[in-house]
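Nothing in this text is a laboratory measurement; each read-out follows from the coordinates by a stated rule. None of these values were measured; they are calculated from a predicted model.
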């Protein structure tokens, strides 16, 4: 058993890598020697973040890939580019996603579909693609799906978001059960409220922030590094016998009433 967080022989694909948890997870893997394929639909932001990291970790460790994971052709182009570069994927961090707030009585079908498509449907088909293209032949691979406390607890005015994340938790369990025989571990990380651009609209409201802090035993919102630490643990050798698990990272919010 290797108890070190050594990813020097590993390649990681991280979606939503240009900001927030995806960016912090990228840094965590780079610090531990991995090669990281940073994927994001925001090409300008992705290029800027990748250039900053290349200066510190070297261009041989980072590849920036513009990809819209809701577009199957874009996903195919991304995996084809990785192969064209002679690359491989050992770990998938299925992190891209969106937040959406709306009272259920006003929810529009187009908004519902957009959230479910990105947060659930695209996550599954990307996992399927990576498994088929990279994991099955070597009988090894790890997938970490970025879920949410919203998939465990009901969140008012976020029914589409909660449904998408709850669905992703169940997808994680189903894939873990089915793919274990192929040597593929599939786990989920469920952060509470993380201070990232994804919830900038909420964190700009001081009353909302104070309320959430009051409900959290650790008396603060999560930071991206709180979640990235959980991600690299589940991707490490130390988690080889963990699959189908849901790791809640919420400062204790879900532990009580």
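Data for the structure
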quantity: Gaussian network model of the chain, Cα within-10 Å springs - most flexible of 53, 153, 168; calculated: 153
quantity: Region 59-107 and region 14-58: distance between their alpha carbon centers, rounded to Å; calculated: 12 Å
quantity: Degrees, to the nearest 10: 159-179 long Cα axis against longest axis of the chain; calculated: 40 degrees
quantity: Normalised contact order of the chain, rounded percent, pairs of Cα under 8 Å and 6 or more residues apart; calculated: 20 percent
quantity: Crossing angle, helix 20-31 versus the chain [Cα axis fit, 0-90 degrees, rounded to tens]; calculated: 30 degrees
quantity: For the chain, built as a Gaussian network whose Cα springs stay under 10 Å, the top-fluctuating residue of 122, 80, 17; calculated: 80
quantity: Choice from 56, 140, 102 showing the highest fluctuation, given a GNM over the chain with Cα pairs closer than 10 Å; calculated: 56
quantity: Relative contact order (percent, whole number), region 1-94, Cα cutoff 8 Å, 6+ residue spacing; calculated: 31 percent
